[in-house]
Structures are given as structure tokens and as C-alpha cells.
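The values are calculated or read from the model by the stated rules, or taken from the named source; none is laboratory data. Predicted model only: the values in this text are computed from it and were never measured. Neighbour counts run over all protein chains shown; Cβ positions are idealised from the backbone, glycine included.
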Amino acid sequence: MSREVHVQFCERAGVRLPCATHRNIYVKSEAAGQRVMASVTEFLEQGLKLKVNRQKSAVGHVSERKFLGHRLLAGGALGVAPQSQERLKDNLRELTRRSAGKSLPEVIRQVNQKFTGWIQYFQMARMKGLMQEIGQWLRRRLRCLRLKQCKRAHAIARLLMSLGEREDSAWMLALSGKGWWRLADTPQAHRAMDLRWFKDTGLIDPEAVYLAVRNAC
């Protein structure tokens, strides 16, 4: 809604609402939701002469509907909508593409920037478990990226040995015929590129940043 239409809506409806372009209305039952949906649609289209986007407007369970990227959890707590979670992973996939030709420090810089802004936006949502899950998934993608940057078996073995892996174990991974994604989840890759290695490379821990932001609120 534009500012002018928003004011008209508030005056006609007799309510005071913050300015936003989306509205969620919460009721006790689906039947009540259908009635409210019909009356609000009629008011907007006939009273204010606005067009309701019916593709984005629907009646659904509170856990299925999102508002500015959030959703309501049991007990009224804020969570992150599934669509927002997938959008974050899509952005991280793009940043960590193995064929992008970017150096690891540059990839990590961009990932940190993305995560910091995202966590700041969703800081009021409950997402500790989500941050743990995405953190593990992201570290696997970065291991995958680093291994592929080596390209050849000799370079892979040399990298792993430089990070403390035994020579025989390092060569076992380097000569493996598995794909890059599977190699990134092997014990050798986990031992060589562990949490301390990621900290040394400058990658932020999403869970730690989230908890720090929450505690500062």
C-alpha cells in the first residue's frame, strides 16, 4: 500500500497499523479466516478501489503463512519462514560456486557479509538450530570448494598433509574417484579442515554470531 492508501485503510477500518506493504490477519479458525478474507477483499476492491493480489493472498495455518520473511511458531514465538531459509541457501550456493573462479578469502568475505546482514534482520527469530544446520552445510561447501581448487591429486594430498593429515590417509582421499561433494564429507576433509581451520580462514560461526546478537538485544 502507498502511504495515502494506508491512511485511508486505517481510517476506514478504525485501526492503527504500522506502515507496511503486507498484512497478516490472525483469527481462531479457518472458517473465520475465510469470512475475514472475503470482507477485507471486498473492502479493498470496492471501497478503496485497489486490486488484491490473489496469488499472494490466502487463508492458511499460521505456520504456513509468512510475514516479511518470518512466521509464527507454537506459543507465538517468531521463526524464519521456510521460503526465507531456502533463499538464504540459494544465495550461499551462488557465493560458493566451485566454478566462480574466486579465491577462498574472497568467498569467505562475501559469505560473512551475507550472514551478518541476514542475522541482523532475523535477530528476533528463534533459529539456533537453523544456524547450526546451515553452518554445517556451508562448511561442507567450502571444503568442497577448497578441494576442487587444488584440481590435481598431488595438490590435494599436499594440502591435506600441510593441515596435519597423515600421508597415507591424504593420498587415499586424493586418489579417490568420488565426486567433490562426497570428498568434502570424508573423515580426512573434516580432520584437515576442522573448526579451527575455518576460524583461521576468517569464516564466522553463524550460530555464535546469532547468539551474540540475541544476547546484545
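Per-structure values
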read-out: Scope region 202-217; condition assigned to a helix (DSSP H, G or I) and among the acidic types (Asp, Glu); matching residues; value: Glu207
read-out: Residue within region 123-132 that is of a type outside the set (Asp, Glu), more than 23 Å from Gln85 (Cα to Cα) and without any contact (Cβ under 8 Å) to a residue 12 or more places away in the chain present; value: no
read-out: First in region 99-115 and within 18 Å of Pro206 (Cβ to Cβ), second anywhere and of a type in the set (Ser, Thr, Tyr) and outside any helix (DSSP H, G or I), Cβ under 8 Å, 6 or more apart; value: Val107/Thr96; Val111/Thr96
read-out: Enumeration of residues in region 69-99 that are over 18 Å from Tyr210 (Cα atoms), among the aliphatic types (A, V, I, L, M) and surrounded by 12 or more Cβ atoms within 10 Å (Cβ to Cβ); value: Leu72, Leu73, Leu95
read-out: Test result for Glu207, within 27 Å of Glu94 (Cβ to Cβ) and among the acidic types (Asp, Glu); value: yes
read-out: Every residue from region 182-203 that is in contact (Cβ under 8 Å) with a residue 40 or more places away in the chain and either aromatic (Phe, Trp, Tyr) or in contact with an Asp or Glu (Cβ under 6 Å, 6 or more places away or on another chain) (or both); value: Phe198
read-out: From Met127, Met131, residue being in contact with a strand residue (DSSP E or B) (Cβ under 7 Å, 6 or more places away or on another chain) and surrounded by 15 or more Cβ atoms within 10 Å (Cβ to Cβ); value: Met127
read-out: One residue from Leu88, Leu73 being under 30 Å from Asn112 (Cα atoms), modelled with pLDDT of 75 or more and assigned by TED's automatic domain parsing to the domain that holds Arg126; value: Leu88
